[in-house]
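Everything below concerns the one structure shown next.
The values are calculated or read from the model by the stated rules, or taken from the named source; none is laboratory data. Since this is a predicted model, take the numbers as computed values, not measurements. Virtual Cβ from ideal backbone geometry, glycine too; neighbours counted across all protein chains shown.
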Amino acid sequence: MSHYFTDNRQLAQNRKDLSFRFSCFNLTFISDNGVFCKDKIDEGTKVLLNVLHENELGDKILDVGCGYGVVGITLKKCFPQSYVDMVEINPRAIELALLNAKKNECDVHIFESDVYSNVNDRDYSAIVTNPPIRAGKKVIYKIFSEALEHLRVGGTLWVVIRKSHGALSAMRFIEEKFNNCEIVKRDKGYFVLKSVKK
């Protein structure tokens, strides 16, 4: 079975435009078969963005598992002075994210990476993720633990995860790695978690 976190370019195309109003921005995203939440903007993504745009993320942001680009592109609109990197393993999602960055006139940097395999920067002020739950605990916990290597001291990790998908166990794992983890928001069954690299 082909998943949204694999190379699934062999799937038939069925592109569609999704309208997304966030803050004062009217955005449009192209989605397609073989990507996460192809028919609508994911609720977890909305919950995460509502929290992030009210916080100071600093000058260098990394979106891990960016999909077709909603989080990273929206953050660039909210924080135009910040440098935004976006990484994803699915080539089809990367292609869409590149199109969506152009469509929404966003200067972001999108590249293929299996979690942090192609991420060389170790000075991010914030790493954000709506992790690919179906990829399994090993993958999503790698996103959490290896974030430490790519954040500057004082940098923050932001995660959105459903309670029913293991938010509390994820929180315990992150707390073990970072020595801190707080629940910033609970909304519609989603938890937004924040940890700071000390």
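Quick notes on this structure:
- Within the range 179-198, restricting attention to residues that are basic (K, R) and assigned to a loop (DSSP other than H, G, I, E, B), the residue that is farthest from N130 (Cα to Cα) is K198.
- Qualifying residue in the range 133-152 (condition: of a type in the set (F, W, Y), touching a Lys or Arg at 6+ places or on another chain (Cβ under 7 Å), touching a residue at least 24 places away in the same chain (Cβ under 8 Å) and more than 20 Å from F36 (Cα to Cα)): no
- Residue match in the range 69-82 (condition: in a loop (DSSP other than H, G, I, E, B) and closer than 20 Å to K185 by Cβ): yes
- Odd one out for S113, checked against (1) farther than 21 Å from F29 by Cβ; (2) in contact (Cβ under 8 Å) with a residue 12 or more places away in the chain: (1)
- In the set (1) assigned to a helix (DSSP H, G or I); (2) closer than 29 Å to L27 by Cα; (3) at pLDDT 95 or above, the condition left unmet by R92 is number (3).
- Residue check, R172 in a helix (DSSP H, G or I) and at pLDDT below 95: no
- Among the residues making up the range 104-123, those that are within 17 Å of C78 (Cβ to Cβ) and either over 14 Å from the mean Cα position of the chain (by Cα) or in a helix (DSSP H, G or I) (or both) are N104, E105, C106, D107.
- Entry remark, the range 19-59: residues being farther than 25 Å from R134 by Cβ and either small (G, A, S) or not in a loop (DSSP other than H, G, I, E, B) (or both) number 9 in total.
- Test: L62 is in a helix (DSSP H, G or I) and of a type in the set (A, V, I, L, M, F, W, C): no
- Any hit, the range 141-154, residues being more than 17 Å from S125 (Cα to Cα) and assigned to a strand (DSSP E or B): no
- Cβ separations smaller than 6 Å between residues 6+ apart or across chains give the following pairs from the range 161-181 residues that are within 23 Å of K46 (Cβ to Cβ) to residues that are β-branched (V, I, T): H165/I133; A167/I161; A170/I161; C181/I174.
- Odd one out for Y141 among (1) surrounded by fewer than 19 Cβ atoms within 10 Å (Cβ to Cβ); (2) aromatic (F, W, Y); (3) touching a strand residue (DSSP E or B) at 6+ places or on another chain (Cβ under 8 Å): (3)
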